[in-house]
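Below: the structure, in structure tokens.
The values are calculated or read from the model by the stated rules, or taken from the named source; none is laboratory data. Just so it is clear, the structure is predicted and the values come from calculations on it, not from any experiment. Please note: Cβ atoms are built from the backbone with ideal geometry, for glycine as well, and neighbour counts cover all protein chains shown. Each accessible area value is taken on the protein alone, full model and side chains, heavy atoms only, with ligands, DNA and RNA left out. Shrake-Rupley method; radii C 1.70, N 1.55, O 1.52, S 1.80 Å.
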Amino acid sequence: ITVTVTPDEGYTLSKLTITDKNGDEIKAVDKGNGKYTFIMPASKVEVNVSFTKIETSNTDLPFNDVTKTDWYYEAIKYVYDKEMMNGTTENLFNPNLSTTRGMIVTILYRLENEPAVSSHPFTDVDENAYYAKAVAWGAANGVVKGYESDLFGPEDSITREQLATILYRYSQYKGFDISS
């Protein structure tokens, strides 16, 4: 079963609890974008939700979905201040959104101060996309490689193994000691 939780403007989900007829909690899996899934038991369920008002004065960031009390606040502030990452919109960072291959290579490209690039070899990278120059830089410098058939998959969620490989190749590119 999928439950979609949509807070009113200026609010965020603070707690979602799903219980069976005996009051036992049912585990819900966060699928992002306010969608949660759970396995329906052979009884009725009760869904309880609570929301918290977003304190926009509680942050030095333009994002309505990040506050100073969030465990990841300092990390987001750092990458935003260093212009390594932007929000997904003008006022949303979407901290629970999956990271894509295009996002990761863009972060590394920005770390390198966005050097001039030529074209890239991938047929699925739109030249006007925010990550196009980053993908071209990453491919030219051996930081990223595509899938077979000249595809990069810029909108694909990055896997742990892909992230480790890209960071390893970036370390090689930077000349870091990677012997141990």
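Placing a label point 7 Å from the Cα of E155 along the Cα-to-Cβ direction, the residues of the stretch 104-124 whose backbone N falls under 14 Å from that point are 124.
Between (1) 1.30; (2) 1.06; (3) 1.20, which entry matches Rg/Rh (Cα atoms, Kirkwood Rh) as derived from the coordinates of this structure? Matching the structure shown: (2). Taken one residue at a time, the phi angles of the stretch 88-93 give Karplus couplings (6.51, -1.76, 1.60, θ = phi - 60°) of 7, 9, 4, 10, 10, 9 Hz. Gly and Pro are set to x.
Counting only protein heavy atoms and a probe of 1.4 Å, the accessible surface of the chain is 48% carbon and sulfur. Taking a ≥ b ≥ c as the square roots of the eigenvalues of the Cα gyration tensor, an a/c ratio of 1.5 or more together with a/b larger than b/c marks the stretch 76-167 as prolate. Here the sum of -39500 (n - 2.57) over DSSP H runs of 4 or more residues, divided by the residues of the chain, equals -7500 deg cm²/dmol at 222 nm, to the nearest 500. In the assembled protein chains, Y80 presents an accessible area of approximately 80 Å² (probe radius 1.4 Å).
Heavy-atom accessible area with a 1.4 Å probe sorts M84, M103, largest first, into M103, M84. With protein chains left intact and a 1.4 Å probe, residues in the stretch 82-147 average 55 Å² of accessible area per residue.
With a Förster radius of 45 Å applied to the beta-carbon distance between K145 and K44, the computed FRET efficiency rounds to 0.30. Listed by chain and number, the lysines whose alpha-carbon sits under 17 Å from that of K21, ignoring those within fewer than 8 places in the same chain, are K44. Modelled spin-label separation between E112 and Q172, with each label point placed 7 Å from Cα along the Cα-to-Cβ direction: 1.4 nm.
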